[in-house]
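Nothing in this text is a laboratory measurement; each read-out follows from the coordinates by a stated rule. The model shown is predicted, which means the values in this text are computed figures rather than measured ones. Here the Cβ is made from the backbone with ideal geometry for all residues, glycine too, and neighbour counts use every protein chain on show.
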Amino acid sequence: MSSAPTIETDRLILRPHEAGDLDAFWTFFQSDRSRYMEAPESRSQLWSGMLAEVGAWEIFGWGGLAIETAEGELAGQVCVSKPPHFPELELGWILFEGFEGKGYALEAASAMRDYAFEILDVPTLVSYIDEKNARSIALAERLGAVLDPNARSYDPVDLVYRHLPDTAGPGLEAYA
């Protein structure tokens, strides 16, 4: 168990969520950008979800972090999480409108993935991605994840991309 870390990259700060983040997430979930996700139905539900991301660090040692640019702009979220309905520990990401095309999602997800493998010592991660979400599929592939058709998913329209710590690891066949 640990408090949420702050992870710095060349251009980003991955930091614990703050109360002021709530409005930006509400705006995201009211937009078409969230069409591939389960969106909260109310601000109260969003609030509970954000508190779950924060509290997961204390209870499980993993959770969500806000993606903040070096200029102090909130750009989205990256997380390592496993809510009760997820079969496996997931590496997930959200990028807000206006921040795409700058490599922020790749930089943030790479940093969180590396933190999970190097600090949390997890053996594998998955990303659950809607089969129509071409941008997230492309990001998973740029991260080096491979489609794992044998992995279970909680959502029948999701593909499961598996992240392994390195190419010297057990390989995808170990998870079949």
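Points worth noting:
- For residue 61, the residues whose modelled amide H falls within less than 5 Å of its own, excluding neighbours fewer than 5 places apart on the same chain, are 2.
- Trypsin sites (Lys or Arg not before Pro) restricted to DSSP loop in segment 54-158 with at most 14 other C-beta within 10 Å: 102, 132, 152
- Estimated FRET transfer efficiency when R0 is 30 angstrom, pair residue 102-residue 150 (beta carbons, to 0.05): 0.30
- Extension gain for residue 23 to residue 130 (0.36 nm times residue separation, less C-alpha to C-alpha distance): 36.0 nm.
- Distance between the modelled labels on residue 11 and residue 166, one decimal in nanometres: 2.8 nm (7 Å Cα→Cβ projection).
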